[in-house]
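Q: Take a look at the following structure, please.
Taken together, the values in this text are just the output of simple stated rules run on the coordinates, not laboratory data. Note that the structure is a prediction, hence the values are computed from the model and not measured. No Cβ is skipped: glycine too gets one built from the backbone with ideal geometry, and neighbour counts run over all protein chains shown.
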Amino acid sequence: MKTSVLLLGLALVAPLAAQTKKPQPSPKKAQSRVDAIMDLANDRMSTQIDVMFDDGDFLTVIQLLKVQAEMYPSDYEVWTNLGWMEENVEQWDAALATYVRYKRQNPNDPDGAFPEANFYFMKKLYAKVPPLMEPAIKEAKVHPNAYRILARSYEKQNMLTDAARVYRALSERDPNDGAAKANLKRVEGKINGAQ
């Protein structure tokens, strides 16, 4: 008997409750709340990643970084951390796929091709670096390491004129870069010695 009275009471109250809805927050306010919650979740995840990394639980770190990468598709640090961790556990194909995906998703990031180029450089696949880094050094805001990795790749392939050109461009961009000047001088010495 009590159950049927309760059900009848709910049946009578439900339409009334539907008529007296609470005012909903504006979409902008609701989005800022969602953003705040996501930021807190991301901070907690980052803290947990540090703990798990220190504990050597690299596979779990990779899984959490994958979640962060999906949350933040244009966050260079998250994506490079993910690729680096995949390299750390020798998941070479996964690391390369991570770097390629980041580059494709972020075509306006001047440094977007660098992680992939660096991967090839570290694997001694020097011929794969110039097609990625030549367009990058035309960008005004590209990191100086783009020049360095490109010049070294040319030098490793004995393409000394191209290596000198890239070191010269880096020296012109940053006249205080002593390493670029020293490398340019060394490469020019090789060129002059070969003639």
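Q: Would you please give the FRET efficiency between LYS29 and LYS66, computed as 1/(1 + (r/R0)^6) with r the Cβ-Cβ distance and R0 = 41 Å, to the nearest 0.05?
A: 0.85
Q: Gain in length, VAL51 to ALA97, computed as 0.36 nm per residue apart minus the alpha-carbon separation, to one decimal in nm?
A: 14.0 nm
Q: Now for a separate question. What is the distance, in nm, between label points placed 7 Å from the Cα along the Cα-to-Cβ direction at ASN88 and at LYS181?
A: Distance between label points: 3.8 nm.
Q: Between MET38 and ASP75, 0.36 nm times their residue separation minus their Cα-Cα distance comes to what?
A: Between MET38 and ASP75, full extension yields 11.9 nm more.
Q: Let me ask something else. Past 25 Å, Cα to Cα, is the threshold; run LYS103/LYS128; LYS103/LYS181; LYS29/LYS66; LYS123/LYS185; LYS28/LYS103; LYS103/LYS124 against it and keep the listed order.
A: LYS103/LYS181; LYS29/LYS66; LYS123/LYS185; LYS28/LYS103
Q: Using unit Cβ charges (K, R positive; D, E negative) and no other charged atoms, how large, in debye to the nearest 20, is the dipole of region 50-195 about its Cα centre?
A: Value, rounded to 20: 1060 debye.
Q: With r as the distance between the Cβ atoms of LYS124 and ARG104 and R0 = 30 Å, compute the FRET efficiency 1/(1 + (r/R0)^6) and round to 0.05.
A: 0.80
Q: Just want the answer: with Cβ charges of +1 for Lys and Arg and -1 for Asp and Glu, which residue in GLN157, PRO144, MET133 is farthest toward the dipole's positive end in region 113-195?
A: Sorting the options by dipole projection puts first GLN157.
Q: Which one of LEU59, ALA97, ALA41 is farthest out on the positive end of the charge dipole of region 37-109, using unit charges on Cβ (Lys, Arg +1; Asp, Glu -1) and the Cα centre as origin?
A: Result: ALA97, furthest along the dipole toward the positive end.
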